[in-house]
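First the structure, in the form of structure tokens, and then the observations on it.
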Amino acid sequence: MTIPTEPIGSIPRPDYLLKGMVAQADGRIDTDGLTELRQKALADTISRFEETGSPVITDGEQGKPSFATYPLAGLTALAPDGVVIPFADGHTRQLPRLTAGPFRYAVHADEYLREAKRFATVPVKQAVIAASAVGLIYPADGIDGYSREQFVADLVDEAEADIRRSLDAGADSVQIDFTEGRLSLKLDPSGGLLNSFVELNNQVLDRFSDEERARIGVHTCPGGDQDSVHSLDVDYGGLLPALFGLHAGRFYVQLASEPDPRKALETIRLHSLPEQRVFVGVIDPIDPRVETAEEVRDRVLQAAEFLPLDRLGTCDDCGFSPFADDTSTSRDIAFAKIAARVEGTRLAAEALG
């Protein structure tokens, strides 16, 4: 038997790409020059990804400005003073604020996928941002002439197109990044905001068939960035029951960095549905130490106490560099951790017969 194992998304960008992004912003190289550097980084990323033995890979998000804001790159109806996301170490990330409608994605994720498939020899999954995260750009006081209801209708259309275009372009699966789910309970402990996020995302998911939803997954984590998180202090017990109310077939759940993984696994056992496969996080991208294959094996064996093997998979807790300027983890460490995940998952499958 085999246990499926997948990455989440981002890989740290090489120095030459990071420097090129700064140079392009300063006007020292043109767009064509930056594109050439991105192509070089993409080819190297996919080559190194395949060397780890990972049966499924991503493009490492080498071309995305961030996992969250790629659909907005190039839009003009934005102001910089949107929602602020605070992290435990004191640093923040800020979303833009929409200033006018109608809302449309400037970039769809299949553009990244099509580039990756030019280099890959194994299946490629594609990460997309959740509609609930993009929805945070609509201002609380509204926009004259463009109601929230109109915005949500446009957003659901665009989020559906983002997923469907990736499926049509040959993605092995499409992963919806939902890191704002756990954060929502910090912003609103009553769960009202979380429930509204689930409802919005289900409006998107309900536009797909059962067969399509079997290839669509949802990722949750406490928002790793620059070796810090935004919501690890929020109890998983508040999130997981609602999470499995999302109408998706796959769930990628951070667990390696979780203080009490057995408690979380029991909640997953109780609330996940028979048709939902759970990929448990067995690698902590924030920890600079590379896990051994045996540690990964033991984490998988622990998860197997709670989930049947035909519904179990493994993943990394989060991406390794979700924002382009996050240099807190090296590429070498990221790929070493991925190789440990692959080998440790194989050892667990062997132990489980």
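Residue by residue, here is whether (1) buried (at least 23 other Cβ atoms within 10 Å of the Cβ); (2) aliphatic (A, V, I, L, M); (3) over 18 Å from the mean Cα position of the chain (by Cα); (4) not in a helix (DSSP H, G or I) holds:
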| position | (1), (2), (3), (4) |
| --- | --- |
| Gly237 | no, no, yes, no |
| His247 | no, no, no, yes |
| Ser257 | no, no, no, yes |
| Leu265 | yes, yes, yes, no |
Out of all the residues in segment 75-103, which are in contact (Cβ under 8 Å) with a residue 40 or more places away in the chain and either outside any loop (DSSP other than H, G, I, E, B) or over 29 Å from Asp227 (Cα atoms) (or both)?
Leu78, Ile85, Pro86, Arg93, Arg97, Leu98, Thr99, Ala100, Gly101, Pro102, Phe103
I need a count of the residues in segment 330-353 that are under 22 Å from the mean Cα position of the chain (by Cα) and part of a loop (DSSP other than H, G, I, E, B).
1
Name the single residue, out of those in segment 305-329 being polar (S, T, N, Q), touching a helix residue (DSSP H, G or I) at 6+ places or on another chain (Cβ under 9 Å) and in a loop (DSSP other than H, G, I, E, B), that is surrounded by the most Cβ atoms within 10 Å (Cβ to Cβ).
Ser321
Mind checking whether some residue in segment 282-292 is hydrophobic (A, V, I, L, M, F, W, C), modelled with pLDDT of 95 or more and touching a strand residue (DSSP E or B) at 6+ places or on another chain (Cβ under 8 Å)?
yes
Pull out all pairs, ordered by first then second residue, where Cβ-Cβ is under 6 Å, the residues are six or more apart or on different chains, the first lies in segment 184-196 and is polar (S, T, N, Q), and the second is part of a helix (DSSP H, G or I).
Ser184/Leu193; Ser184/Leu194; Ser184/Phe197
Against the definition (over 20 Å from Glu50 (Cβ atoms) and in contact with a Phe, Trp or Tyr (Cβ under 6 Å, 6 or more places away or on another chain)), how does Arg299 come out, yes or no?
no
Can you find a residue that is closer than 29 Å to Gln254 by Cα, under 17 Å from the mean Cα position of the chain (by Cα) and at pLDDT below 95 anywhere in segment 15-33?
no
Residues (buried (at least 23 other Cβ atoms within 10 Å of the Cβ) and in contact (Cβ under 8 Å) with a residue 40 or more places away in the chain) located in segment 267-295:
Phe279, Gly281, Val282, Ile283, Pro285
Going by the conditions given, is Phe103 at pLDDT below 95 and crowded, with 18+ Cβ neighbours inside 10 Å?
no
Is there any pair linking a residue in segment 229-256 that is among the aromatic types (Phe, Trp, Tyr) and at pLDDT 95 or above to one that is part of a loop (DSSP other than H, G, I, E, B) and surrounded by 23 or more Cβ atoms within 10 Å (Cβ to Cβ), with Cβ under 8 Å and at least six apart or on different chains, and which?
Tyr252/Ile8
Would you call Ala43 over 15 Å from Asp316 (Cβ atoms), out of contact with any helix residue (DSSP H, G or I) (no Cβ under 7 Å at 6 or more places or on another chain), without any contact (Cβ under 8 Å) to a residue 60 or more places away in the chain and small (Gly, Ala, Ser)?
no
Could you list, in sequence order, the residues of segment 10-53 that are surrounded by fewer than 21 Cβ atoms within 10 Å (Cβ to Cβ), of a type outside the set (A, V, I, L, M) and not in a helix (DSSP H, G or I)?
Pro14, Asp26, Gly27, Arg28, Asp30, Thr52, Gly53
Condition test on Asp225, is it among the acidic types (Asp, Glu) and either on the phi > 0 side of the Ramachandran plot or surrounded by fewer than 24 Cβ atoms within 10 Å (Cβ to Cβ) (or both)?
no
Checking Val134, Val124 in turn, the sole residue that is in contact with a helix residue (DSSP H, G or I) (Cβ under 7 Å, 6 or more places away or on another chain), buried (at least 19 other Cβ atoms within 10 Å of the Cβ) and under 12 Å from Asp59 (Cα atoms) turns out to be Val124
Any idea which of (1) out of contact with any Phe, Trp or Tyr (no Cβ under 6 Å at 6 or more places or on another chain); (2) outside any helix (DSSP H, G or I); (3) not charged (D, E, K, R) is the one Leu113 doesn't satisfy?
(2)
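The values are calculated or read from the model by the stated rules, or taken from the named source; none is laboratory data. Remember, predicted model here, so these are calculated numbers, not experimental data. Ideal geometry is used to build each Cβ from the backbone, glycine not excepted, and the neighbour counts take in all protein chains shown.
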